[in-house]
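Report on the following structure.
The values are calculated or read from the model by the stated rules, or taken from the named source; none is laboratory data. As the structure is a prediction and not an experimental result, all values here were calculated from the model. So basically every Cβ, Gly included, is an ideal-geometry build from the backbone, and we count neighbours across all protein chains shown.
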Amino acid sequence: MIVILNPDATEAQIQHIVNRASKLGLKSNISRGVERTVIGFIGPEDALRVIPLEVFPGVDQVMQVLAPYKLVSREFKKQDTVIKLKDRVNVGGKKLVVMAGPCSVEGYEPLLSVAKKVKALGATILRGGAFKPRTSPYDFQGLGEEGLKILQRVGRETGLCTISEVMDTRQVDLVARYVDVLQIGARNIQNFALLKEVGLIKKPVMLKRGMSTTVKEWLMSAEYLLSNGNFDVMLCERGIRTFETSTRNTLDVNAVAVAKKLTHLPVVVDPSHGTGHWQYVAAGARAGIAAGCDAIMVEVHDNPEEALSDGAQSLMPDKFQELMVSCRRVAQALDREI
Ligand code: PEP
Ligand code: MN
């Protein structure tokens with residue numbers, strides 16, 4: 001259940017509602033939007049039926065949220081969430097955000113080289129994994145904390161914000177110390193212990209859709225983050241498993257449109273993992289933008305042949321430049337900037 005307040009509801013009126021709900025065993029989450037303030041209740045909702053919330057001072061409307069995800073739903077918050085990074089990057093606004101960089105941080109020099117190039121071409125967030133979820137235990141597992149230090153240093157030197165994956169509850173504080181955005185990868189979408197832990201920190205997070213999760217399950221996982229207090233959540237569509245074998249995954253552009261309709265959270269598209277082949281990455285990025293995403297994440301490497309992970313789907317900087325040119329045209333057609 002959610003309560004929509006009058007635009008002129010006072011703090012005292014809001015607090016009164018929160019206190020009454022708390023006495024009934026419900027936690028309140030307040031979302032202060034530009035147009036309206038909404039209180040969402042978490043807990044045994046039936047308890048609320050005993051009090052006529054409609055007549056409480058400051059209340060405009062009481063609504064039943066039918067979706068199982070409450071705080072991520074558009075019913076809870078009508079306007080798009082905009083996540084501010086370091087007061088210079090806004091994810092979720094009219095301007096599309098570009099995240100780019102290698103799959104893995106491989107060293108200071110190579111990361112700095114790619115970072116400078118992607119920044120010059122319009123990227124504002126530098127990606128690079130330090131803890132890598134690899135199918136084979138014999139494959140490169142990432143540089144760990146050393147990789148995070150390199151990412152932070154290159155971010156500072158170039159003025160780019162940074163994003164890197166956290167795979168384990170024990171790494172949350174460590175990764176959060178070094179990066180601007182924590183990434184929860186496809187394989188951890190239903191690692192509920194990790195979701196709760198990341199929900200408790202004050203750092204933006206990008207939640208990748210699992211390769212076999214429905215949109216509803218994806219949103220329920222996001223609800224774990226919001227219900228634990230972290231509202232700075234962006235969703236990322238990165239392709240799902242289908243019967244198709246010509247691409248690594250099937251980039252589900254439908255899910256972008258669906259997620260934009262159902263939630264207020266920004267949606268990112270990752271056409272690199274979504275296709276798995278560098279030849280198709282730009283097409284995937286353009287499709288994502290056409291479907292209404294707010295950001296794209298692209299793997300870029302100076303020398304994909306030598307990449308320690310995901311070389312086949314990594315773009316050389318010149319191809320990334322072409323991608324940016326074509327994406328800009330799609331964005332303009334949709335009255336967005338990039
Ligand atoms: C990655 O971003 O490098 C990654 C491992 O992503 P995903 O979790 O989507 O496979
Ligand atoms: Mn990768």
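Taken over the range 179-222, residues that are of a type in the set (D, E, K, R), in contact (Cβ under 8 Å) with a residue 60 or more places away in the chain and surrounded by 22 or more Cβ atoms within 10 Å (Cβ to Cβ) amount to 1.
When residue 146 is tested against (1) surrounded by 14 or more Cβ atoms within 10 Å (Cβ to Cβ); (2) over 21 Å from the mean Cα position of the chain (by Cα); (3) more than 16 Å from ligand 2 (Cβ to nearest atom), just one condition goes unmet, and that condition is (1).
Do you know which of the residues in the range 114-138 that are of a type in the set (Gly, Ala, Ser) and over 22 Å from residue 285 (Cβ atoms) is surrounded by the fewest Cβ atoms within 10 Å (Cβ to Cβ)? So that I can check it myself, show each step before the final result.
Filtering the range 114-138 down to residues of a type in the set (Gly, Ala, Ser) leaves 115, 120, 122-123, 128-130, 136.
Adding the requirement that they be over 22 Å from residue 285 (Cβ atoms) leaves 130, 136.
Working: 130: 26, 136: 7.
Going through the qualifying residues, I end up with 136.
What are the residues in the range 279-313 that are within 16 Å of ligand 1 (Cβ to nearest atom) and either in a loop (DSSP other than H, G, I, E, B) or of a type in the set (Val, Ile, Thr) (or both), if any?
Across the range 279-313, the qualifying residues are 281, 293, 296, 298, 300, 301, 307, 308, 309, 310.
Just checking, does the range 136-151 include any residue being free of Cβ contacts under 8 Å to residues at least 40 places away in the same chain, among the acidic types (Asp, Glu), assigned by TED's automatic domain parsing to the domain that holds residue 213 and closer than 24 Å to residue 213 by Cβ? The answer is no, given that none of the residues of the range 136-151 is free of Cβ contacts under 8 Å to residues at least 40 places away in the same chain, among the acidic types (Asp, Glu), assigned by TED's automatic domain parsing to the domain that holds residue 213 and closer than 24 Å to residue 213 by Cβ. The test for being polar (S, T, N, Q) and either within 16 Å of residue 299 (Cα to Cα) or not assigned by TED's automatic domain parsing to the domain that holds residue 328 (or both) holds for residue 275. Mind checking which residues of the range 161-217 are hydrophobic (A, V, I, L, M, F, W, C), over 16 Å from residue 232 (Cβ atoms) and within 16 Å of ligand 2 (Cβ to nearest atom)? Passing the criteria: 167, 186, 189, 211.
Scanning the range 23-32 for residues that are surrounded by 14 or more Cβ atoms within 10 Å (Cβ to Cβ) and not aliphatic (A, V, I, L, M) yields 28, 29, 31. A single entry from 301, 264, 273 fulfils the requirement of being within 24 Å of residue 143 (Cα to Cα), in contact with a Lys or Arg (Cβ under 7 Å, 6 or more places away or on another chain) and at pLDDT 95 or above: 273.
Tell me the residue from 104, 113 that is farther than 23 Å from residue 265 by Cα and within 16 Å of ligand 2 (Cβ to nearest atom), please.
After applying the criteria, what remains is 104.
Inside the range 223-240, residues that are assigned to a helix (DSSP H, G or I) and crowded, with 21+ Cβ neighbours inside 10 Å make up a count of 4. Of the strands (runs of 3 or more DSSP E) that lie entirely inside the range 92-204, not one contains 3 or more residues that are away from ligand 1 (no atom under 12 Å from the Cβ) and on the phi < 0 side of the Ramachandran plot. Of the listed requirements (1) crowded, with 17+ Cβ neighbours inside 10 Å; (2) within 16 Å of ligand 2 (Cβ to nearest atom), residue 306 misses just one: (1).
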